[in-house]
């Protein structure tokens, strides 16, 4: 088996983790010595970008991705991105170097004094190996833990002098060869009870969450909605980091508002609310009101015991979401007439400067059928969804945690995982700055992403919140002088600017037809855009 390094890289192969996202420091160099030819290393210039790329890659592939960080400072840089990965249920294995064992007790420079504690509570499992021989077993546990439902990030701290230690052949072999699989069945007893409730309901509704974003999940949700005549709402953003129901389907109604009062009012007429693959609920901002009508009942289906336990109301079933919804579609006995078709995308007159809704309408006109949207444009998010009406699984990525910097980095990971689909990353110019060095990675590795930057010269979402919260005179809400196209160009990304509808349509067509990374920046009017 050779050294611990050789055993560990064999473990990585076993888990399909031959792409490593990283930003190397001195404590990580021993791991990277004699880097194997069958691996690829994707360099990010800052650790939040590294984790964001791995997050997108893990979500798109459905299996754990490996992010390698630089001891305590690197983990600190990445904490916001790890927060997003936890909210996204992204299976990540995060490793970080540690000072040499002989130097740790004296807390020599770069010692992470309490390495396992540092990323908690953002990880499912956090560990520092007690001896070098335990590294393959510890990393094996990290991969299994990350992949088991509910998926999420794990963390292992590795002293830098562990890698050249001779491995224990038998222990390493056993760690490499083992496999795990999660509970993969529907809760049949609960399914019968829920089916009876749907049959008895007068006006049931399905809230489709991100855990339904798969071919099986979409099919199950459509079957349940059509057979039961359920209208369908998407779970609120930002909690809805993925799309669990085809948004061009006639039963679809839109995205639920994320605040308590408006959400409760939206669902007030429904006597039965089935929430599948989402928390109950991802609330923000604080707009009080009744959570649920007095004569309504809510049933949540989730793979996450913590989501089930923390819900403020309703009943919960912990089971495989797609299989349980599919079983429900088979178990319900009565059929209802399908709801009236949903409305076509909004057709708003062009404004000058263009609104974000105008921009998304133009984007819709050139949108490739199999394209993927990665979005971090807070005041335009609903406009993107309402215009594009995405319906293919794996076509929408949004930071469920709400931490900025996710979108640009995630789009790179998604594009590396999905090289045969065009990735379009829609960003506000403020959001872009949180991961701006990702443009270098995009250019260096020729990653095929079309960036669409909405420039409104302010933190428009914060001004919207200021109005909501009756805050006046707050500083730091304007962004004069940002030239994102020039910044991207300095990193090597081809770019164009557009100010009119005609210029924008031509620039988008150019970008979508261009291989590798390209960027279009367009000026938009400030303010929230919905249609």
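Derivation of every value follows stated rules applied to the coordinates shown; laboratory data play no part. Because the structure is a prediction, the values reported are computed rather than measured. Virtual Cβ from ideal backbone geometry, glycine too; neighbours counted across all protein chains shown.
With a ≥ b ≥ c taken as the square roots of the eigenvalues of the C-alpha gyration tensor of the range 474-531, please select rounded if a/c is under 1.5 and otherwise prolate if a/b is larger than b/c or oblate if it is not?
Oblate.
For the chain, just say rounded, prolate or oblate: build the C-alpha gyration tensor, square-root its eigenvalues into a ≥ b ≥ c, call rounded for a/c under 1.5, and beyond that prolate if a/b exceeds b/c, oblate if not.
Here the chain falls in the oblate category.
Once the piece of chain linking residue 471 and residue 26 is laid out straight, how much longer is it, given 0.36 nm per residue of separation minus the C-alpha distance between them?
Computed gain between residue 471 and residue 26 is 155.6 nm.
Between residue 100 and residue 223, what is the FRET efficiency for a Förster distance of 51 Å, r being their Cβ-Cβ separation, to the nearest 0.05?
0.35
Report the calculated FRET efficiency for residue 482 and residue 248 (r = Cβ-Cβ distance, R0 = 30 Å), to the nearest 0.05.
Computed FRET efficiency for residue 482 and residue 248 comes out at 0.30.
How would you rank 452, 468, 323, going from fewest to most other Cβ atoms within 10 Å of each one's own Cβ?
Fewest to most other Cβ atoms nearby, the residues stand as 468, 323, 452.
Once you sort the root eigenvalues of the Cα gyration tensor of the range 186-249 as a ≥ b ≥ c, which label holds: rounded (a/c under 1.5), prolate (a/b larger than b/c) or oblate (the other case)?
Note, shape of the range 186-249 comes out prolate.
For the range 4-177, divide the Cα radius of gyration by the Kirkwood radius and give the resulting Rg/Rh value with two decimals.
0.93
Bin all alpha-carbon pair distances of the range 256-312 at 10 Å intervals from 0 and give each bin's fraction as a whole percent.
Bins of 10 Å from zero give 24, 55, 21 percent of pairs.
Go ahead and collect, in residue order, the members of the range 349-370 whose backbone nitrogen is under 14 Å from a label point 7 Å along the Cα-Cβ direction of residue 420.
Within reach of a label on residue 420: 370.
Quick check: Cα centre of the range 13-51 to Cα centre of the range 477-512, how many Å?
31
Using a simple spin-label model with points 7 Å from Cα along the Cα→Cβ vector, what separation in nm is obtained for residue 202 and residue 502?
5.7
How many nm is it between the label spots at residue 18 and residue 166, if each spot is 7 Å from the Cα in line with the beta carbon?
3.0
Which whole-percent values make up P(r) of the range 188-331 when all C-alpha to C-alpha distances are grouped in 10 Å steps starting at zero?
13, 49, 35, 4
Please list the equivalent ellipsoid semi-axes of the range 212-292, computed as the square roots of five times the alpha-carbon gyration tensor eigenvalues, in descending order and whole angstrom.
Semi-axes, largest first: 22, 14, 9 Å.
Taking neighbour counts of Cβ atoms within 10 Å as a proxy for exposure, in what order, fewest first, do 9, 465 appear?
Listed from fewest to most nearby Cβ atoms, that is 465, 9.
Counting DSSP beta bridges in the chain, what percent are antiparallel, to the nearest 5?
If I count the DSSP bridges inside the chain, around 5 percent turn out antiparallel.
When averaged across all projection directions, what area in nm² does the alpha-carbon convex hull of the range 356-523 cover?
Over all viewing directions, the range 356-523 projects a mean Cα-hull area of 9.5 nm².
Please give, to one decimal in nm, the separation of the simple spin-label points placed at residue 33 and residue 193, each 7 Å out from Cα toward the Cβ.
Modelled inter-label distance: 5.9 nm.
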